[in-house]
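The values are calculated or read from the model by the stated rules, or taken from the named source; none is laboratory data. Note that the structure is predicted; figures quoted are calculated from it, not measured. No Cβ is skipped: glycine too gets one built from the backbone with ideal geometry, and neighbour counts run over all protein chains shown.
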Amino acid sequence: MYHEGNAMKDEQLLQRIVCDRQVMTGKPVIRGTRLTVDFILNLLAHSMTEAEIRAEYPGISKEDIQACLLFATKALKDTDFMPLAV
C-alpha cells in the first residue's frame, strides 16, 4: 500500500537514476554505472532475482533495483497503450 510518507522515499530512489548523453547515449542508468533501467527490468522479466542481479553486478544495491522499477512505473503512468495483438 502506498502511503504519503513514501513520496520522500520515491524522490530518494529516483535520484539513483540519471540520464546523461555521455553515458549510454542518454538512456536512464543507475547512477555511477552503465547499467540501464531497461537492462535491469529485462533481467527481472526473465526471472533473475534481485539477489542474482546483485551477485552478478556487485556495484548495485537493492535500492538501485527498486529505483529502476519505480522509474519505469513513473514513466508509464500517463501512457496510453494499444493492444499488441488481437
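Here are the numbers for this structure:
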| quantity | calculated |
| --- | --- |
| Residues (part of a helix (DSSP H, G or I), over 22 Å from E11 (Cβ atoms) and either modelled with pLDDT under 95 or not hydrophobic (A, V, I, L, M, F, W, C) (or both)) located in the range 34-64 | N42, E52, R54, E56 |
| Any pair with Cβ under 8 angstrom, 6 or more apart, that starts in the range 31-43 at a residue that is over 9 Å from D64 (Cβ atoms) and ends at one that is basic (K, R) and at pLDDT 95 or above | T36/K27; V37/K27; D38/K27 |
| A75 vs. criteria modelled with pLDDT under 95, among the small types (G, A, S) and within 15 Å of the chain's Cα centre (by Cα) | yes |
| Pick from the range 1-33, criterion modelled with pLDDT under 95 and of a type in the set (V, I, T), ranking: surrounded by the fewest Cβ atoms within 10 Å (Cβ to Cβ) | T25 |
| Residue count, the range 1-33 (criterion: touching a Phe, Trp or Tyr at 6+ places or on another chain (Cβ under 7 Å) and either in a loop (DSSP other than H, G, I, E, B) or among the β-branched types (V, I, T) (or both)) | 2 |
| Residue ID - nearest to the chain's Cα centre (by Cα), chosen from residues in the range 50-65 that are farther than 12 Å from I40 by Cα and of a type outside the set (G, A, S) | E63 |
